[in-house]
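Asker: If you scroll down you'll find the structure; I have some questions about it.
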């Protein structure tokens, strides 16, 4: 359980740094600086997503992990924006940030259902389910296109 939270904490940290670097990409001297900051920020976002996926793979529920990730990231960026970039932090923003923190805490304290580790998945099963849903959606689209007035696709038929 702790390993998942550690990966999540790392994902949050990398995401916060990447977002802060993105702010730096908006200023600076030359286009090369902007491009360098932007590339560094994109690499950080990718690393953050990889760390988050590892946290989810271990045991964290996606609803909890994403709420913590986005809530902590939002609060941290607001504080960094104030401290390093001179952005305003008024009472309304502070109250809203507190509401985010309260919401994340509520998700963590609420009744949990089945732990994520008790719901194993297998990627091949997910691929088959996704493929079946895609085929069904394409069949429905085909039927809708055939039913359009003036369609040259012929009479509607349901293929399987």
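Asker: Order by neighbour count: 133, 61, 87, fewest other Cβ atoms within 10 Å first, most last.
Answerer: Fewest-to-most Cβ neighbours within 10 Å comes out as 133, 87, 61.
Asker: With only alpha-carbon pairs counted, each pair once and no self-pairs, how large is the Kirkwood hydrodynamic radius of segment 2-118 in angstroms?
Answerer: Values: mean 1/r = 0.0645 Å⁻¹.
Evaluated on segment 2-118, it is 15.5 Å.
Asker: Full extension from residue 140 to residue 92: what is 0.36 nm times the residue separation minus their Cα-Cα distance, to one decimal in nm? Can you show the working numbers first?
Answerer: Numbers: separation 48, 0.36 × 48 = 17.28 nm, distance 4.74 nm.
Here the answer is 12.5 nm.
Every number in this text was worked out from the coordinates using simple rules, so none of it is lab data. Quick caveat, the model's predicted, so the values are computed rather than measured. Heads up, the Cβs are rebuilt from the backbone with ideal geometry, glycines too, and the neighbour counts pull from every protein chain shown.
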